[in-house]
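The structure appears right after this line, and notes come after that.
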Amino acid sequence: MRITAGEYRSRRLKSLDGDSTRPTSDKVKEAIFSSIGPYFDGGVLLDLFGGSGGITLEAISRGMEEAYVCDKNKKAIEVINENVRALDVHNCVKIIQGDYKATLQKLVDEKFDIVFLDPPYAMDVSEEIIAFLIQNEMLYAHSIIIVESKADKSFSIPYKDLEIYKEKHYGISKVTYFRGKRR
């Protein structure tokens, strides 16, 4: 696994051993960032199921100013810490070990430009998380939510100001993009 673009382009990242996580492939990561804008001029990212921190560190490399990355797995947190140290970006990456619900409660006063959700497929909690983000006003009008899920997952977001604007399939996975409705 590596950073695909930006300041840290081509830098290799450590990943978790075993099958406790399902890292986003470089191909999918590149497609995601091409879809939302290849480079950023600041902004805050929330990566709620961080794994090895690949999405977070890619966003920082491409110009995101600050990122919060969370995972409940202790080994994942250790790998994220190693990757953050290797890139020397500890000043802009906040690492949180914990359950997604507890993390959302801790961050309830924050707002995010981009939210990346890649929970274990069996959890099926993305809609619950999106509802929490909306209800607690943790998003800007321009915010984008990106959800990686099983290819057959369908979403029914019952919020008048949120829309799915793109879906793309990658083998057994699907990436769904949400944003505020354009007026």
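Every read-out reported here was derived from the displayed coordinates using simple, explicitly stated rules and does not represent laboratory data. Here the structure is a predicted model, which is why all the values come from computation and not from measurement. Methodologically, a virtual Cβ is constructed for each residue, glycine included, from the backbone with ideal geometry; neighbour enumeration extends over all protein chains shown.
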Amide H within-cut-off set for PHE49, under 5 Å, with H built and near neighbours excluded: CYS70, ASP118
Extension gain (nm, one decimal) between GLU65 and LYS153, 0.36 nm per residue minus Cα-Cα: 28.5 nm
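Work out how much length SER35 to ASP109 would gain on full extension: take 0.36 nm times their residue separation and subtract the Cα-Cα distance, in nm to one decimal.
23.9 nm
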Relative contact order [Cα under 8 Å, 6+ residues apart], region 26-180, whole percent: 19 percent
FRET efficiency for VAL125 and ASP161, using Cβ-Cβ distance with R0 set to 22 Å, rounded to 0.05: 0.55
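Share of antiparallel DSSP beta bridges in the chain, in percent to the nearest 5?
Percentage antiparallel, nearest 5: 50.
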Potential lengthening between LYS27 and GLU7 on full extension [0.36 nm per residue; Cα-Cα distance subtracted]: 5.3 nm
Calculated FRET efficiency for the pair HIS142/GLU82, C-beta based, R₀ 35 Å, to 0.05: 0.60
C-alpha center-to-center spacing [region 1-71, region 118-135] in angstrom: 19 Å
Sites ASN91 and PHE132, calculated FRET efficiency, Cβ-Cβ separation with R0 25 Å, nearest 0.05: 0.35
Residues of type lysines that LYS72 reaches as a straight line, Cα spacing below 27 Å, ignoring anything fewer than 8 places off in the same chain: LYS14, LYS27, LYS29, LYS94, LYS101, LYS106, LYS111, LYS150, LYS153, LYS174
Test item: Cα-centred dipole of region 26-180, Lys/Arg +1 and Asp/Glu -1 on Cβ, debye: 280 debye
